[in-house]
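Before any comments, here is the structure.
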Ligand code: NAP
Ligand code: GLV
(Lines give C-alpha, C1' and ligand atoms only; values in the text may rest on other atoms or scores of the structure.)
(Ligands and ions follow the chains in the order given, each with its own letter.)
Protein backbone atom coordinates (compact mmCIF):
# COMPACT_ATOMS: atom_id res chain seq x y z
CA UNK A 1 0.00 0.00 0.00
CA UNK A 2 1.14 3.58 -0.60
CA UNK A 3 0.29 6.48 1.69
CA UNK A 4 0.68 10.14 0.88
CA UNK A 5 1.54 12.88 3.41
CA UNK A 6 -0.41 16.06 2.61
CA UNK A 7 -0.04 19.42 4.35
CA UNK A 8 0.40 23.03 3.33
CA UNK A 9 1.33 24.17 6.86
CA UNK A 10 3.60 21.43 8.21
CA UNK A 11 6.53 19.34 7.02
CA UNK A 12 4.73 16.11 7.96
CA UNK A 13 7.75 13.92 7.18
CA UNK A 14 9.86 15.89 9.65
CA UNK A 15 7.02 16.15 12.19
CA UNK A 16 6.31 12.41 12.23
CA UNK A 17 10.01 11.53 12.21
CA UNK A 18 11.99 8.48 11.09
CA UNK A 19 10.48 6.18 13.75
CA UNK A 20 6.98 6.68 12.34
CA UNK A 21 8.21 5.92 8.83
CA UNK A 22 10.06 2.78 10.02
CA UNK A 23 7.00 1.56 11.92
CA UNK A 24 4.71 2.06 8.95
CA UNK A 25 5.04 -1.61 8.18
CA UNK A 26 4.65 -2.59 4.50
CA UNK A 27 3.48 0.91 3.61
CA UNK A 28 5.41 3.14 1.27
CA UNK A 29 5.17 6.74 2.45
CA UNK A 30 5.37 9.45 -0.19
CA UNK A 31 4.88 13.21 0.00
CA UNK A 32 2.34 15.35 -1.83
CA UNK A 33 2.51 16.38 -4.65
CA UNK A 34 3.73 13.22 -6.43
CA UNK A 35 5.59 13.34 -9.71
CA UNK A 36 4.18 10.13 -11.12
CA UNK A 37 0.77 8.40 -11.18
CA UNK A 38 -1.17 8.28 -7.95
CA UNK A 39 -3.85 5.67 -8.61
CA UNK A 40 -2.36 3.28 -6.03
CA UNK A 41 -2.67 5.79 -3.15
CA UNK A 42 -5.36 4.49 -0.77
CA UNK A 43 -4.38 6.25 2.42
CA UNK A 44 -3.31 9.79 3.35
CA UNK A 45 -2.09 11.52 6.49
CA UNK A 46 -3.15 15.16 6.32
CA UNK A 47 -3.15 18.46 8.22
CA UNK A 48 -4.41 21.59 6.46
CA UNK A 49 -4.35 20.01 2.98
CA UNK A 50 -4.23 22.36 -0.03
CA UNK A 51 -7.67 22.81 -1.65
CA UNK A 52 -6.98 20.66 -4.72
CA UNK A 53 -4.85 18.02 -2.97
CA UNK A 54 -7.23 15.06 -3.11
CA UNK A 55 -8.14 15.53 -6.80
CA UNK A 56 -4.95 13.65 -7.57
CA UNK A 57 -5.85 10.49 -5.62
CA UNK A 58 -8.93 8.89 -7.24
CA UNK A 59 -8.66 5.65 -5.21
CA UNK A 60 -8.14 7.26 -1.82
CA UNK A 61 -10.12 5.44 0.90
CA UNK A 62 -9.12 7.13 4.14
CA UNK A 63 -7.46 10.28 5.46
CA UNK A 64 -5.89 10.26 8.94
CA UNK A 65 -5.66 13.49 10.91
CA UNK A 66 -2.65 14.09 13.16
CA UNK A 67 -4.88 15.55 15.88
CA UNK A 68 -8.19 15.16 17.69
CA UNK A 69 -9.82 17.67 15.33
CA UNK A 70 -10.56 17.02 11.66
CA UNK A 71 -12.15 20.34 10.66
CA UNK A 72 -9.18 21.38 8.51
CA UNK A 73 -9.46 18.14 6.51
CA UNK A 74 -13.26 18.32 6.12
CA UNK A 75 -12.87 21.91 4.86
CA UNK A 76 -10.81 20.70 1.88
CA UNK A 77 -13.04 21.06 -1.22
CA UNK A 78 -11.39 18.16 -3.08
CA UNK A 79 -12.17 15.60 -0.34
CA UNK A 80 -14.77 13.18 -1.79
CA UNK A 81 -17.79 12.47 0.47
CA UNK A 82 -17.15 8.71 0.50
CA UNK A 83 -13.61 8.97 1.94
CA UNK A 84 -13.29 8.01 5.62
CA UNK A 85 -11.73 10.67 7.85
CA UNK A 86 -10.02 9.38 10.96
CA UNK A 87 -9.14 11.36 14.07
CA UNK A 88 -6.66 10.52 16.82
CA UNK A 89 -8.03 9.64 20.25
CA UNK A 90 -5.16 9.90 22.73
CA UNK A 91 -5.80 9.73 26.51
CA UNK A 92 -2.40 11.36 27.11
CA UNK A 93 -3.55 14.35 25.05
CA UNK A 94 -6.72 14.63 27.16
CA UNK A 95 -4.55 14.58 30.30
CA UNK A 96 -2.36 17.41 28.94
CA UNK A 97 -5.48 19.42 28.10
CA UNK A 98 -6.84 18.83 31.56
CA UNK A 99 -3.70 20.31 33.14
CA UNK A 100 -3.82 23.29 30.81
CA UNK A 101 -7.46 24.04 31.62
CA UNK A 102 -6.97 23.51 35.37
CA UNK A 103 -4.04 25.98 35.28
CA UNK A 104 -6.31 28.69 33.83
CA UNK A 105 -9.31 27.87 36.04
CA UNK A 106 -7.13 28.09 39.15
CA UNK A 107 -5.43 31.20 37.75
CA UNK A 108 -8.85 32.87 37.60
CA UNK A 109 -9.95 31.55 41.01
CA UNK A 110 -6.69 32.65 42.71
CA UNK A 111 -6.30 35.91 40.70
CA UNK A 112 -2.82 35.13 39.41
CA UNK A 113 -3.05 37.85 36.73
CA UNK A 114 -3.65 40.51 39.38
CA UNK A 115 -0.74 39.20 41.47
CA UNK A 116 1.53 39.32 38.41
CA UNK A 117 0.49 42.93 37.80
CA UNK A 118 1.05 43.74 41.50
CA UNK A 119 4.53 42.20 41.31
CA UNK A 120 5.45 44.41 38.37
CA UNK A 121 4.44 47.41 40.55
CA UNK A 122 6.23 45.99 43.65
CA UNK A 123 2.86 46.20 45.36
CA UNK A 124 2.14 43.88 48.34
CA UNK A 125 -1.56 43.25 48.84
CA UNK A 126 -3.49 40.10 49.66
CA UNK A 127 -6.66 39.85 47.62
CA UNK A 128 -8.68 37.35 49.62
CA UNK A 129 -9.39 33.76 48.65
CA UNK A 130 -12.30 32.01 47.02
CA UNK A 131 -12.99 28.32 47.47
CA UNK A 132 -13.02 26.05 44.43
CA UNK A 133 -16.57 25.02 45.26
CA UNK A 134 -17.69 28.63 44.65
CA UNK A 135 -16.32 28.78 41.08
CA UNK A 136 -18.61 26.86 38.73
CA UNK A 137 -17.08 25.67 35.46
CA UNK A 138 -19.18 24.94 32.35
CA UNK A 139 -17.56 22.89 29.61
CA UNK A 140 -18.81 23.00 26.02
CA UNK A 141 -18.16 19.46 24.76
CA UNK A 142 -18.41 16.26 26.79
CA UNK A 143 -16.35 14.02 24.53
CA UNK A 144 -12.97 12.33 24.89
CA UNK A 145 -11.25 15.48 26.13
CA UNK A 146 -14.17 17.34 27.77
CA UNK A 147 -14.93 14.33 29.95
CA UNK A 148 -11.35 14.14 31.24
CA UNK A 149 -11.26 17.89 31.91
CA UNK A 150 -14.60 17.77 33.78
CA UNK A 151 -13.53 14.75 35.85
CA UNK A 152 -10.25 16.37 36.93
CA UNK A 153 -11.89 19.73 37.76
CA UNK A 154 -14.47 17.93 39.89
CA UNK A 155 -11.62 16.19 41.75
CA UNK A 156 -10.09 19.63 42.42
CA UNK A 157 -13.40 20.66 44.00
CA UNK A 158 -14.86 22.83 41.24
CA UNK A 159 -18.57 22.36 40.45
CA UNK A 160 -18.12 20.87 36.95
CA UNK A 161 -20.83 20.95 34.27
CA UNK A 162 -20.53 19.70 30.71
CA UNK A 163 -22.68 20.17 27.62
CA UNK A 164 -23.07 17.76 24.71
CA UNK A 165 -25.35 17.34 21.69
CA UNK A 166 -26.86 14.08 22.95
CA UNK A 167 -27.67 13.11 26.57
CA UNK A 168 -24.77 11.51 28.44
CA UNK A 169 -24.42 9.60 31.67
CA UNK A 170 -22.27 11.97 33.76
CA UNK A 171 -19.73 10.55 36.23
CA UNK A 172 -20.22 11.45 39.88
CA UNK A 173 -19.53 15.10 40.63
CA UNK A 174 -20.30 16.31 37.09
CA UNK A 175 -23.61 17.66 35.87
CA UNK A 176 -24.42 16.89 32.24
CA UNK A 177 -26.51 19.12 29.96
CA UNK A 178 -27.53 18.71 26.33
CA UNK A 179 -29.32 20.50 23.53
CA UNK A 180 -30.37 24.17 23.38
CA UNK A 181 -32.31 24.22 26.71
CA UNK A 182 -29.36 22.47 28.37
CA UNK A 183 -26.98 25.15 27.10
CA UNK A 184 -29.16 27.89 28.58
CA UNK A 185 -29.37 26.11 31.91
CA UNK A 186 -25.62 25.50 32.07
CA UNK A 187 -24.57 29.00 31.02
CA UNK A 188 -26.83 30.57 33.67
CA UNK A 189 -24.69 28.87 36.35
CA UNK A 190 -21.30 29.19 34.63
CA UNK A 191 -18.50 31.44 35.86
CA UNK A 192 -15.68 29.84 33.85
CA UNK A 193 -16.58 28.65 30.35
CA UNK A 194 -14.28 26.12 28.67
CA UNK A 195 -14.73 25.50 24.96
CA UNK A 196 -13.90 21.93 23.91
CA UNK A 197 -16.23 21.55 20.94
CA UNK A 198 -15.31 20.37 17.46
CA UNK A 199 -15.72 22.99 14.73
CA UNK A 200 -18.89 22.22 12.74
CA UNK A 201 -21.54 24.36 11.04
CA UNK A 202 -23.59 24.14 14.29
CA UNK A 203 -20.77 25.23 16.61
CA UNK A 204 -19.09 27.92 14.48
CA UNK A 205 -19.44 31.31 16.25
CA UNK A 206 -20.91 29.78 19.42
CA UNK A 207 -18.68 31.96 21.64
CA UNK A 208 -20.59 35.14 20.99
CA UNK A 209 -22.25 38.07 22.72
CA UNK A 210 -25.44 36.12 23.58
CA UNK A 211 -23.42 33.26 25.11
CA UNK A 212 -21.28 35.59 27.22
CA UNK A 213 -24.38 37.54 28.33
CA UNK A 214 -25.93 34.37 29.75
CA UNK A 215 -22.88 33.59 31.94
CA UNK A 216 -22.38 34.90 35.49
CA UNK A 217 -21.03 38.46 35.44
CA UNK A 218 -17.26 38.71 35.77
CA UNK A 219 -16.82 35.30 34.17
CA UNK A 220 -13.80 33.85 32.40
CA UNK A 221 -13.40 32.17 29.00
CA UNK A 222 -10.96 29.34 28.26
CA UNK A 223 -10.97 28.90 24.49
CA UNK A 224 -9.21 25.68 23.46
CA UNK A 225 -11.54 24.46 20.68
CA UNK A 226 -11.05 26.17 17.34
CA UNK A 227 -10.58 29.85 16.53
CA UNK A 228 -13.75 30.02 14.41
CA UNK A 229 -15.87 29.22 17.47
CA UNK A 230 -15.19 32.74 18.73
CA UNK A 231 -16.68 36.03 17.53
CA UNK A 232 -13.62 38.12 18.35
CA UNK A 233 -15.37 41.52 18.52
CA UNK A 234 -17.94 40.08 20.95
CA UNK A 235 -15.16 38.91 23.27
CA UNK A 236 -13.52 42.35 23.27
CA UNK A 237 -16.91 43.96 24.02
CA UNK A 238 -17.62 41.51 26.86
CA UNK A 239 -14.22 42.30 28.42
CA UNK A 240 -14.80 46.01 27.98
CA UNK A 241 -18.21 45.87 29.69
CA UNK A 242 -16.95 43.69 32.56
CA UNK A 243 -19.29 40.84 31.65
CA UNK A 244 -16.09 38.80 31.30
CA UNK A 245 -13.14 39.39 33.63
CA UNK A 246 -10.63 37.69 31.35
CA UNK A 247 -9.93 35.08 28.73
CA UNK A 248 -7.30 32.48 27.91
CA UNK A 249 -7.09 31.90 24.15
CA UNK A 250 -5.12 29.03 22.63
CA UNK A 251 -6.73 28.86 19.17
CA UNK A 252 -7.43 31.58 16.61
CA UNK A 253 -9.29 31.93 13.32
CA UNK A 254 -5.99 32.93 11.71
CA UNK A 255 -2.92 31.18 13.05
CA UNK A 256 -0.33 32.40 13.77
CA UNK A 257 -2.11 35.37 15.36
CA UNK A 258 -1.41 38.42 13.20
CA UNK A 259 1.09 41.06 14.36
CA UNK A 260 -0.67 43.91 16.19
CA UNK A 261 -3.86 41.90 16.68
CA UNK A 262 -5.65 43.46 19.71
CA UNK A 263 -5.47 40.14 21.60
CA UNK A 264 -1.66 40.30 21.83
CA UNK A 265 -1.48 43.24 24.23
CA UNK A 266 -4.85 43.03 25.95
CA UNK A 267 -4.23 43.15 29.70
CA UNK A 268 -6.95 40.58 30.45
CA UNK A 269 -6.23 38.10 27.66
CA UNK A 270 -3.66 35.32 27.86
CA UNK A 271 -2.49 34.10 24.43
CA UNK A 272 -0.86 30.72 23.85
CA UNK A 273 0.14 29.50 20.35
CA UNK A 274 -2.27 26.55 19.85
CA UNK A 275 -0.21 24.55 22.27
CA UNK A 276 -2.72 23.38 24.90
CA UNK A 277 -1.96 19.76 24.07
CA UNK A 278 -0.78 17.82 21.08
CA UNK A 279 -1.19 14.15 20.29
CA UNK A 280 1.95 12.07 20.52
CA UNK A 281 3.57 10.68 17.40
CA UNK A 282 3.08 7.23 18.98
CA UNK A 283 -0.68 7.79 19.07
CA UNK A 284 -0.67 9.04 15.47
CA UNK A 285 1.32 5.93 14.48
CA UNK A 286 -1.11 3.58 16.25
CA UNK A 287 -4.08 5.26 14.54
CA UNK A 288 -2.33 5.08 11.19
CA UNK A 289 -1.51 1.36 11.52
CA UNK A 290 -5.06 0.53 12.67
CA UNK A 291 -6.42 2.44 9.67
CA UNK A 292 -4.16 0.62 7.21
CA UNK A 293 -5.10 -2.72 8.75
CA UNK A 294 -8.82 -1.91 8.44
CA UNK A 295 -8.42 -0.89 4.80
CA UNK A 296 -6.59 -4.15 4.03
CA UNK A 297 -9.35 -6.12 5.80
CA UNK A 298 -12.12 -4.18 4.03
CA UNK A 299 -13.43 -2.77 7.33
CA UNK A 300 -14.28 0.82 8.29
CA UNK A 301 -11.28 2.22 10.21
CA UNK A 302 -11.70 2.82 13.96
CA UNK A 303 -12.20 6.47 14.97
CA UNK A 304 -13.69 7.33 11.57
CA UNK A 305 -15.75 10.46 12.12
CA UNK A 306 -19.35 10.85 11.03
CA UNK A 307 -19.08 12.91 7.83
CA UNK A 308 -22.70 14.13 8.07
CA UNK A 309 -22.26 15.30 11.68
CA UNK A 310 -18.85 16.84 11.01
CA UNK A 311 -16.99 15.28 13.94
P1 LIG B 1 -15.10 14.49 20.75
O2 LIG B 1 -14.70 13.31 21.55
O3 LIG B 1 -15.61 14.27 19.36
O4 LIG B 1 -16.20 15.29 21.60
C5 LIG B 1 -16.92 16.34 21.05
C6 LIG B 1 -18.01 16.76 22.04
O7 LIG B 1 -18.67 17.91 21.52
C8 LIG B 1 -19.09 15.67 22.21
O9 LIG B 1 -19.50 15.61 23.55
C10 LIG B 1 -20.24 16.19 21.33
O11 LIG B 1 -21.53 15.80 21.74
C12 LIG B 1 -20.07 17.69 21.53
N13 LIG B 1 -20.73 18.41 20.44
C14 LIG B 1 -20.44 18.41 19.11
N15 LIG B 1 -21.32 19.19 18.44
C16 LIG B 1 -22.17 19.69 19.36
C17 LIG B 1 -23.29 20.54 19.29
N18 LIG B 1 -23.74 21.04 18.12
N19 LIG B 1 -23.94 20.82 20.44
C20 LIG B 1 -23.54 20.32 21.63
N21 LIG B 1 -22.46 19.49 21.76
C22 LIG B 1 -21.79 19.19 20.64
O23 LIG B 1 -13.90 15.53 20.62
P24 LIG B 1 -12.63 15.70 21.58
O25 LIG B 1 -11.60 14.68 21.25
O26 LIG B 1 -13.10 15.81 22.98
O27 LIG B 1 -12.04 17.10 21.04
C28 LIG B 1 -12.85 18.25 21.03
C29 LIG B 1 -12.20 19.37 20.27
O30 LIG B 1 -11.15 19.97 21.03
C31 LIG B 1 -11.49 19.02 18.95
O32 LIG B 1 -12.40 18.84 17.89
C33 LIG B 1 -10.63 20.24 18.73
O34 LIG B 1 -11.40 21.25 18.10
C35 LIG B 1 -10.30 20.69 20.16
N36 LIG B 1 -8.89 20.39 20.52
C37 LIG B 1 -8.04 21.44 20.69
C38 LIG B 1 -6.73 21.20 21.08
C39 LIG B 1 -5.77 22.32 21.33
O40 LIG B 1 -4.56 22.10 21.40
N41 LIG B 1 -6.23 23.55 21.51
C42 LIG B 1 -6.29 19.89 21.26
C43 LIG B 1 -7.18 18.86 21.07
C44 LIG B 1 -8.49 19.11 20.70
P45 LIG B 1 -21.99 14.24 21.67
O46 LIG B 1 -21.19 13.57 22.76
O47 LIG B 1 -23.43 14.28 21.96
O48 LIG B 1 -21.64 13.75 20.30
C1 GLV C 1 -5.26 19.97 18.17
O2 GLV C 1 -5.71 21.05 17.97
C3 GLV C 1 -5.95 18.75 17.87
O4 GLV C 1 -6.99 18.79 17.20
O5 GLV C 1 -5.44 17.68 18.28
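Things to note:
- The one condition in (1) within 16 Å of ligand 2 (Cβ to nearest atom); (2) at pLDDT below 95 that residue 30 fails to fulfil: (1)
- Selection status of residue 286, out of contact with any helix residue (DSSP H, G or I) (no Cβ under 7 Å at 6 or more places or on another chain), within 16 Å of ligand 1 (Cβ to nearest atom) and free of Cβ contacts under 8 Å to residues at least 40 places away in the same chain: yes
- Selection count, the range 271-309, where residues are more than 14 Å from ligand 2 (Cβ to nearest atom), surrounded by 15 or more Cβ atoms within 10 Å (Cβ to Cβ) and part of a loop (DSSP other than H, G, I, E, B): 2
- The set of residues from the range 161-187 being in contact with a helix residue (DSSP H, G or I) (Cβ under 6 Å, 6 or more places away or on another chain) and more than 10 Å from residue 150 (Cα to Cα) comprises 163, 177, 187.
- With respect to the conditions (1) surrounded by 14 or more Cβ atoms within 10 Å (Cβ to Cβ); (2) within 21 Å of residue 145 (Cβ to Cβ), residue 92 falls short on a single one, namely (1).
- Residue 73 within 16 Å of ligand 2 (Cβ to nearest atom), closer than 18 Å to residue 10 by Cβ and either assigned to a strand (DSSP E or B) or in contact with a helix residue (DSSP H, G or I) (Cβ under 8 Å, 6 or more places away or on another chain) (or both): no
- In the range 155-249, counting only helices (runs of 4 or more DSSP H) that sit wholly within it, the ones holding 2 or more residues that are buried (at least 19 other Cβ atoms within 10 Å of the Cβ), within 21 Å of the chain's Cα centre (by Cα) and within 15 Å of ligand 1 (Cβ to nearest atom) span 179-187.
- Residues located in the range 19-48, provided they are surrounded by 13 or more Cβ atoms within 10 Å (Cβ to Cβ) and on the phi > 0 side of the Ramachandran plot: 48
- The set of residues from the range 214-233 being away from ligand 2 (no atom under 14 Å from the Cβ) and in contact with a helix residue (DSSP H, G or I) (Cβ under 8 Å, 6 or more places away or on another chain) comprises 214, 215, 219, 220, 221, 222, 231, 232.
- Checklist (1) surrounded by fewer than 21 Cβ atoms within 10 Å (Cβ to Cβ); (2) at pLDDT 95 or above applied to residue 141, failing item: (1)
- Conditions (1) away from ligand 1 (no atom under 16 Å from the Cβ); (2) outside any loop (DSSP other than H, G, I, E, B); (3) touching a residue at least 40 places away in the same chain (Cβ under 8 Å); (4) under 26 Å from residue 255 (Cβ atoms): number failed by residue 50: (2)
- Screening residue 45 on (1) at pLDDT below 95; (2) in contact with a strand residue (DSSP E or B) (Cβ under 7 Å, 6 or more places away or on another chain) shows it passes everything except condition (1).
- If the condition is being surrounded by fewer than 16 Cβ atoms within 10 Å (Cβ to Cβ) and either within 15 Å of ligand 1 (Cβ to nearest atom) or not in a loop (DSSP other than H, G, I, E, B) (or both), then the range 255-270 contributes 255, 256, 262, 264, 265.
- Pairs with Cβ under 7 Å, 6+ apart, first in the range 259-272 and farther than 19 Å from residue 107 by Cβ, second surrounded by 10 or more Cβ atoms within 10 Å (Cβ to Cβ): 262/236
- The range 83-135: number of residues that are without any contact (Cβ under 8 Å) to a residue 40 or more places away in the chain and outside any helix (DSSP H, G or I): 14
The values are calculated or read from the model by the stated rules, or taken from the named source; none is laboratory data. It should be emphasised that the depicted structure is a prediction, and the values quoted were computed from it without experimental measurement. Counting neighbours? That spans all protein chains shown, and the Cβs are built from the backbone with ideal geometry, glycine included.
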